[in-house]
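Have a look at the structure below before the remarks.
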Ligand code: PBG
């Protein structure tokens, strides 16, 4: 055979492959989600997320320092609210001395360089387990947005670097940006969950925070997985309303969306490799059906290749270690 082009030339050895590799992961690509609970000295494994834990604030700080040492530069905080503090309006979310606010202050004091991002949504605080206020069985938009804006200011006051609204209400990015400006928080960023789908892959997360919806589902606010154009529309609107970073969630089943969004906006795109995606790899690895490290690095690389420059993943710490080799 005489060929003009032999594509295998560029795949012939590890050195050549390293030279031409387009997508390289690095620890600062990862956002490490953290689940925080009340108490001291507590580290409980989440049953549907083996190897992942809920920690009290003191042990969370140790974890943050370890993540920092591994090159991870951002954490995304979720708190498990006590049942007795939950109500329909998410009142506890605004408590200046609430678990979230205390966690932010403690982490920023212990590891000031770490970029602290906070989940902004009512579900962990809601007696209904919904991301918004419920009236007559409906999740009401505008009243919810008011609370989300106040919650964001409260997180900023505690020292959060970015607030991350994960609720999918209409108009919340503009409301949050306006509230931050009015309160003088001109350095607080917004990472918007712009294209968040109503997904079964959030199951293990809801176990972690005991935040499953008490009735119905989240389909009147989270997006239908049949849709693509809606993701672009939502994301462009969030950028116009002031989002600094946008997000597609989940990641692996939505790589087409990640690419499309990345092609349509001029801000960094993140993708959330969610709890169910973590659980799937864990389960297959435990059965001996997949090599965990290879499966994770291939998955995370594909998410970055699709267009996400940031990846929220429960594998952040493992991946950072594996990349160090
Ligand atoms: C809550 C929230 C959820 C996740 C992040 N923020 C759950 C949901 O929307 O029901 C899911 C994260 C994961 O599954 O890893 N607003």
Odd one out for residue 299, checked against (1) farther than 24 Å from residue 116 by Cα; (2) surrounded by fewer than 19 Cβ atoms within 10 Å (Cβ to Cβ)
(2)
Within region 121-138, which residues are touching a residue at least 60 places away in the same chain (Cβ under 8 Å), within 16 Å of the ligand (Cβ to nearest atom) and in a loop (DSSP other than H, G, I, E, B)?
127, 128, 129, 130, 131, 132
Name every residue in region 56-89 that is within 20 Å of residue 208 (Cβ to Cβ), more than 20 Å from the chain's Cα centre (by Cα) and in a loop (DSSP other than H, G, I, E, B), in order of residue number.
82, 86
Got a sec? Which of 103, 28 is touching a helix residue (DSSP H, G or I) at 6+ places or on another chain (Cβ under 8 Å), in a helix (DSSP H, G or I) and modelled with pLDDT of 95 or more?
103
Condition set crowded, with 21+ Cβ neighbours inside 10 Å and near the ligand (Cβ under 7 Å from one of its atoms), scope region 203-214, selection farthest from residue 132 (Cα to Cα): answer is 204
Sort out for me the helices (runs of 4 or more DSSP H) sitting completely within region 224-325 that have 3 or more residues that are within 15 Å of the ligand (Cβ to nearest atom).
275-286, 292-306
Exclusive hit being buried (at least 22 other Cβ atoms within 10 Å of the Cβ), in a helix (DSSP H, G or I) and in contact with a strand residue (DSSP E or B) (Cβ under 9 Å, 6 or more places away or on another chain), set 144, 118
144
Matching residues in region 52-89 - criterion: being within 16 Å of residue 109 (Cβ to Cβ) and either within 16 Å of the ligand (Cβ to nearest atom) or modelled with pLDDT under 95 (or both)
75, 77
Matching option when the condition is within 14 Å of the ligand (Cβ to nearest atom) and either crowded, with 18+ Cβ neighbours inside 10 Å or more than 27 Å from residue 49 (Cβ to Cβ) (or both), among 196, 150, 219:
196
Looking at region 163-174, is at least one residue more than 30 Å from residue 50 (Cβ to Cβ), in a loop (DSSP other than H, G, I, E, B), within 16 Å of the ligand (Cβ to nearest atom) and over 15 Å from the mean Cα position of the chain (by Cα)?
yes
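The values are calculated or read from the model by the stated rules, or taken from the named source; none is laboratory data. Everything numeric in this text was worked out from a predicted model, so none of it was measured. Counting neighbours? That spans all protein chains shown, and the Cβs are built from the backbone with ideal geometry, glycine included.
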